[in-house]
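Report on one structure; see the data block that follows.
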Amino acid sequence: MTVAPDRGRRRPTHSASSTWPSDDDRASDDRADVAIVGLGPAGAVLANLCGLAGLRTIVYERSLEAHPDPRAVHLDAEIARILQQCGFEAHLEQLLTVSAGMEYVDTAGDHLFTFEGFERAPLLGWHEDYVFHQPDLDRMLRSGLDRFDHVDVRLGDPAPPVDQLTGSARYVVGCDGASSGIREQLGIGLVDRGYDEEWLVVDLVLRDDATIDLPPIIQQVCDPARLATYVPGHSPHHRFEFRIDHADDPLPPTWDLVAPWGFTEDNANLVRAASYRFHALMADSWRDGSVFLAGDAAHQMPPFMGQGLCSGVRDVANLAWKLVAACAGDQGSFDDIEALLDSYEAERRPHVDAVIELSIQAGRLLTRFADDLAAGRRPGAPAADTADTRRWSRLPGLELGLPFPVGHLVPQPVIDGRRADWTLPAGWAVISRAFDADMTYDHDAVLVRPDRYIAAAGTVEHVSAAGRPWGATTVEREAPTAASR
C-alpha cells in the first residue's frame, strides 16, 4: 500500500459518490456539517465515514504528521469491519496480523489461565483479534481522506475555541485524546473508576536476521517480582509492558528487562521505552448541545483487553450515522432529532462501562495470580468463557431493550466470494432469511442499522414496519449454495 506523506493542509482531488444527503438538503445552512477535533484513529475513522456520507467536514489536527510511536497494537473483528466499511478492505491483509489471543503465564512462561480456550469462527467476516503497527494504520486512514473534496483536513491547525467551532459547523466532535481541550472547555469532568498504575511500555523491532523462540500468543506474565505483558506484534514489532510498583522502584535498564525473552542490542532495535499511567476514567457527559466527545476524550481504560482504540472507533461508528440523519433532518423512529443524538451516549456509555470493567478485572487478575504464586499457592482461576456460535467475542452487545439478536452485530458471511457488507446498502437494511439465514439468526428477517447492529428481528412484516421510518431497503435473494460461500 502506498500512502501520501502528510504535509500541511490537505487538498483532496477526488470526489466520492454517496446516497446520503446532498448539499441541496442543507442549502439554507452554509456552515460545515461536522467539525472534528483530532485526527487520531477515532477522528480519522469519523472523518472517513463523514466523507463517505457526503457530509461537509472540517478536521483540525495540531500535528503535521501521524504520530510515529506504535501506541495501540490490537484491534478486533468489529474494528476491522468498520475499516472495511471505510473502504480499506484491500489494505487490511498487509496491515493486520491475526492474533492467537491472550493467556496468563507464570514466571517460567507456563500456562495458568485463558479467558477463551477455543477459537471463534469469523462471524463478522474477520478473525476475532489482530495486532498491527499504529503508524501504518494512521497513514492509511489519513490517505483515505484524499478521496473527498468535501472533507477539509487542516494539519498543523489547532482547533478554534468551542464557541467558534459551533458557529462554523452544525456539530462538533472532540476526538482530541485523554487531555481533551474540548472536554476541558466544556467543563466536563472525569469519573475515576479506581484503577491507577504506572507501567513502562517498551517497543522493539526484531532485526531481519534474528531468530528467537518467542510465544505466539499475548502473555500476561504473573511474575511476583514484576508484572509484565508481552505482545507479539505485527512483524517485526514486539511490545512489552512492565509495572512500576512505586515512585522509588529501581527499574532495571530496558535491555535487562527484555533479556529473558532473548532480546538484546545485537538482535533488536529499541523504538521507545516510556512510562504511562494505566487508569480507568469516564467523562461525566459525552454531549453538550451540538458538541460530542468520543474516544479517549470520553473514556480511558487499562490496556489489558486491548480495547482502548477499539472503543473509540466504536464510538464514532455509532455517532456517524446519527449525524448523517440529523443533518438530513431525519429522526427516524425517535421522537425528535435531539433524542436521536442523545442515543449516542445512551448506547455507547453502558458498553464502554462494561468494557472498562472487563479491562480492570483482567489487570487485577494479573496481580492476584502473582500474589498467589508468591505465597506458594496455585492461582485460583475464574470461570472461562464457553464457546457460543452466536457470539463473535466475549464483549457485550448494545443495550437496545430487546432480546438477542437485537443490539448485536449482524453476521457477515462470504457471499458469492465477497464479504456480505458490500452487498448491503450504506443505510438501513431489512435482511430476510431468503437472503442469508445465518445473517438473520434464523429469524424471518432482521433490521440492520448503518453501523451493522441489529435493531429488530422477527417476521418480514414486523421488521419492514420497524425499518419504514428509516427508509430501510429490503434485501432479498435466493439462499446461496454452500459452494458460493
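The values are calculated or read from the model by the stated rules, or taken from the named source; none is laboratory data. The structure presented is a predicted model; accordingly, all values stated were derived computationally and were not measured. Cβ sites come from the backbone with ideal geometry, for glycine too, and all protein chains shown count toward neighbours. Protein only, heavy atoms only, side chains kept; ligands, DNA and RNA dropped before computing areas. Shrake-Rupley method; radii C 1.70, N 1.55, O 1.52, S 1.80 Å.
General observations
- Accessible surface, per residue, of the chain when the full set of protein chains is kept, probe 1.4 Å, Å²: 41
- The range 152-213 shape via C-alpha gyration tensor axes, a/c threshold 1.5: oblate
- Phi-based couplings in Hz for the range 295-312 (Karplus 6.51, -1.76, 1.60; Gly and Pro marked x): x, 4, 5, 9, 6, 9, 8, x, x, 5, 9, x, 10, x, 4, 4, 5, x
- Ellipsoid equivalent to the range 271-374 - semi-axes via the Cα gyration tensor, in Å: 35, 14, 10
- Distance from the alpha carbon centroid of the range 196-221 to that of the range 368-430 works out to 26 angstrom.
- Table column - 3J(HN,Hα) (Hz), the range 44-50, Karplus curve with 6.51, -1.76, 1.60, x for Gly and Pro: 5, 5, 4, 4, 5, 5, 5
- Amide H partners (placed H, <5 Å) of residue 271, local residues excluded: 203, 204, 205
- Cα gyration tensor, the range 128-285 - rounded (a/c under 1.5), prolate or oblate: oblate
- For the range 352-369, 3J(HN,Hα) computed residue by residue from phi via the Karplus equation (6.51, -1.76, 1.60; θ = phi - 60°) reads 4, 4, 5, 5, 4, 5, 4, 5, 4, 4, 5, x, 5, 5, 4, 5, 5, 4 Hz, glycine and proline entered as x.
- Placing a label point 7 Å from the Cα of residue 284 along the Cα-to-Cβ line, the residues of the range 181-212 whose backbone N sits under 11 Å from it are 186-191.
- Estimated 222 nm signal from helices in the chain, with DSSP H stretches of n ≥ 4 weighted -39500 (n - 2.57), rounded to 500: -8000 deg cm²/dmol
- A simple packing score, the average count of other Cβ atoms within 10 Å per residue, orders the peptides 249-259, 81-91 as 81-91, 249-259, with the highest score first.
- Where a label projected 7 Å from the Cα of residue 191 along Cα→Cβ would reach, residues of the range 319-363 with amide N under 19 Å: 342-361
- Close amide H partners of residue 457, meaning residues 5 or more places away or on another chain with modelled amide H under 5 Å apart, are 447.
- Around the Cα centre of the chain, unit charges on the Cβ atoms of Lys, Arg, Asp and Glu (plus for the first two, minus for the last two) sum to a dipole of about 660 debye.
- More than 18 Å apart - percent of Cα-Cα pairs taken over the range 54-193: 69
- Shape call, the range 409-456: gyration tensor on alpha carbons, a/c limit 1.5: oblate
- Here the accessible area is traced with a 1.4 Å probe on the protein chains. For the chain, carbon and sulfur cover 49 percent of it.
- P(r) weight above 17 Å for the range 334-445, C-alpha pairs, percent: 71
- Model label sites at residue 118 and residue 371, defined 7 Å from Cα along the beta-carbon direction, differ in position by 3.2 nm.
- The alpha carbon radius of gyration of the chain, expressed as a multiple of 2.2 N^0.38 Å, is 0.99.
- Amide H contacts of residue 180 (H built 1.01 Å from N, in plane; Pro and chain starts excluded): no residue 5 or more places away or on another chain comes under 5 Å.
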